[in-house]
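Q: Provided herewith is a single structure, encoded as C-alpha cells, for subsequent inquiry.
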Amino acid sequence: MDIKREIGSKIKRLRHKKGLTQEKFAEKINISTYTLIGIETGKNFMTAQTMEKIIECLGVTVEELFNAEHLKPANELLADIHMIVDSVKDDRDKIEEIYKILKAITSV
C-alpha cells in the first residue's frame, strides 16, 4: 500500500464532494496548485500545517482522513456489510437504523 497515494486520492475525492476545483482548493489552503497535484497523486506529502488546513477546509477529522478501511475491494466491503447486518439481525432497532442509513444514501 502506498500511503501517500491513498491519502492523496482520498483528499481528491473529498475535494470533489465539496465541489472544489484544484485551483480553488489550493487557494483556500494557501498552497500552489502544483503542490496540491503532487499531494493528490502521492508524489509529495503534505506538511503538518497543510494537513491542518486540508482537514479544516474539508470538514473531516484526522482519523477520517487517515482511515483506509473503505479502500478494500468492493467484494470485501460487501462481505463486511453482510457480516455487520448479520451480527445485529436480532436487534430490530439497529436493523431499522441501518435501513434508514442505506435508504438515505441510496435515494436520489
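The values are calculated or read from the model by the stated rules, or taken from the named source; none is laboratory data. Here the structure is a predicted model, which is why all the values come from computation and not from measurement. Positions of Cβ are generated from backbone atoms using ideal geometry, with glycine treated the same way; all protein chains shown enter the neighbour counts.
Q: Given (1) of a type in the set (Val, Ile, Thr); (2) over 22 Å from Asp2 (Cβ atoms); (3) surrounded by 13 or more Cβ atoms within 10 Å (Cβ to Cβ), identify the lone condition not met by Ile105.
A: Going through the list (1) of a type in the set (Val, Ile, Thr); (2) over 22 Å from Asp2 (Cβ atoms); (3) surrounded by 13 or more Cβ atoms within 10 Å (Cβ to Cβ), Ile105 breaks only (3).
Q: Does the stretch 5-26 include one or more residues that are modelled with pLDDT under 95, surrounded by 12 or more Cβ atoms within 10 Å (Cβ to Cβ), under 15 Å from the mean Cα position of the chain (by Cα) and β-branched (Val, Ile, Thr)?
A: yes
Q: Can you tell me how many residues within the stretch 60-83 are surrounded by 11 or more Cβ atoms within 10 Å (Cβ to Cβ) and within 10 Å of the chain's Cα centre (by Cα)?
A: Qualifying residue count for the region: 7.
Q: Give me the residue from the stretch 90-108 that is part of a helix (DSSP H, G or I) and of a type in the set (Ser, Thr, Tyr) and, out of that set, farthest from Ile11 (Cα to Cα).
A: First pass over the stretch 90-108, keeping only residues part of a helix (DSSP H, G or I): 92-106.
Narrowing further to those that are of a type in the set (Ser, Thr, Tyr): 99, 106.
Values: Tyr99: 28, Thr106: 23 Å.
Across the stretch 90-108, the extreme among qualifying residues is Tyr99.
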